[in-house]
1. Residue A:370 to residue A:275: extension gain in nm, 0.36 nm per residue of separation minus the Cα-Cα distance?
2. Distance between Cα centroids, region A:122-140 to region A:360-410: provide it in whole Å.
3. Quick one: if the Förster radius is 35 Å, what FRET efficiency do residue A:236 and residue A:414 give, using the C-beta to C-beta distance and rounding to 0.05?
4. Assuming R0 = 56 Å, what is the FRET efficiency of residue A:54 and residue B:7, from their Cβ-Cβ distance, to the nearest 0.05?
5. Show that you can apply the helix-only estimate: for chain B, add -39,500 (n - 2.57) for every DSSP H stretch of four or more residues, divide by all residues, and state [θ] at 222 nm to the nearest 500.
6. What share of Cα pairs, in percent, lie more than 15 angstrom apart in chain B?
7. Sum -39500 (n - 2.57) across every DSSP H segment of at least 4 residues in chain A, then divide by the residue count to get the 222 nm mean residue ellipticity, nearest 500.
8. Testing the spin-label approximation: label points 7 Å from Cα along Cα→Cβ at residue B:98 and residue B:41. State their distance in nm.
């Protein structure tokens, strides 16, 4: 596997050692060669990327600094609005949709010198854990094309793992960055809720959604995060909390690091996943870190809580797709009223999983069930948050597997509930609104292929510097 | 839970589909009935948790929504607003007739 290095690319381009145009052309060539087999990209912006790269080179020639991401090639998940190309959320509902504005994250990346090379495939409206609900075909895992790259940000993860960009963007509502990062053997960061603007991210679960980067290294994740993080006047839920400069934070001294390991994260894992976690713990212990046994009993209620809150929010958010102002509109039938037109437009435009979640969300919010489901889930949400608060009084970060298994085969999981269980270790991060990251942590060779295994670190809200420094330490211990 | 979710009937599913403005055929209603019942049975385990005296948490941030200053800012042009409309007449989005009668 190719290991792209965004930091090195930007540094080479800023110093004049590499031309942005040459780098963009090489990236586009790699996409043209590998994408037909992977289906990571839905759209590739050959011309616009080369023009943008030429503009970066022109700035350098004029003695100006294009920014910390000078010439870095970025792939954008297709639920993030770009004026370039379409923004479809991998749904027939938004086939052909063109955003009149760029998402704040896109504006910030481009402002820092980045070159947007394309839009990536995903589970439709980010609902899925395998990128199989994508209306534009399944995405394949570069480590084994018979397997899924995970989801919902599978295209961005596959593009990154195959070296078809220097960094990519995903969104994470219940694990949609961290699980595909784990399955593809790369780094995936889900920042604290509110840390990165959601302006221009098509809403799924508004109290859960967060944008974050996929990268090869922790250093690159920190670079992309630093460019994107911070308050945005367009997103009233972007936090008015100063972004801490991770580089100003000293490197983590393992001898002062307390790593919490919840007993609930140790059951039901494949043997190779258990092995990977044990190895990481042994390395941390040998380096002087303190391993703290902690208890997060609410882990067992995470999936249930999530599958009340997220569909409830989704059913409200997706009500806007009615076929009137934008999106798919069914052909009108004689004598048909507006309500029938809405219903047919929605059922023609949305795929099965999206409709299933709209149904679930509508059900739990409907009269007579609201208290039993939604209100109860919101109370348990507070218990989940309190449980993390208690745990973080005893440890600095929480370590565990990102997912109980390595990548599963395409078509291998057909029961919706079984698919949902994939996110057992990741959903509570979103429910509590804290920060999480998945790091490459080992390899599962039991299938004959070398399948990556991901390890997840979690840290309290707005403690990204701590999370990134601890990740950097673990990354170096694992690669030594 | 107040209701046993496995008792979900096709009629219940059809009712929810109507609330959600989804047009589902009978076969789809039947498959959703089975799948939703299975997910709801799983979710029903939340009923085991003692939530008495716990304040519901709708959002991870404590802060309330910020309000912008009431000042005009850049807005989308009519062209930008209409460029994704499925049907258009001049500067308007064309929609089906919603009132009965020839002149409505």
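1. 29.9 nm
2. 23
3. 0.30
4. According to the calculation, E is roughly 0.30.
5. Roughly -9500 deg cm²/dmol at 222 nm, from the helical runs in chain B.
6. In whole percent, the share of Cα-Cα pairs in chain B beyond 15 Å is 80.
7. Using -39500 (n - 2.57) per qualifying helix, the result is -12000 deg cm²/dmol.
8. Reported label-point gap for residue B:98 and residue B:41 is 4.2 nm.
Only the coordinates and a few stated rules stand behind these numbers; no lab work does. Being a predicted model, the structure only gives us computed values, none of them experimental. All Cβ positions, even for glycine, are placed from backbone atoms using ideal geometry, and neighbour counts span all protein chains on display.
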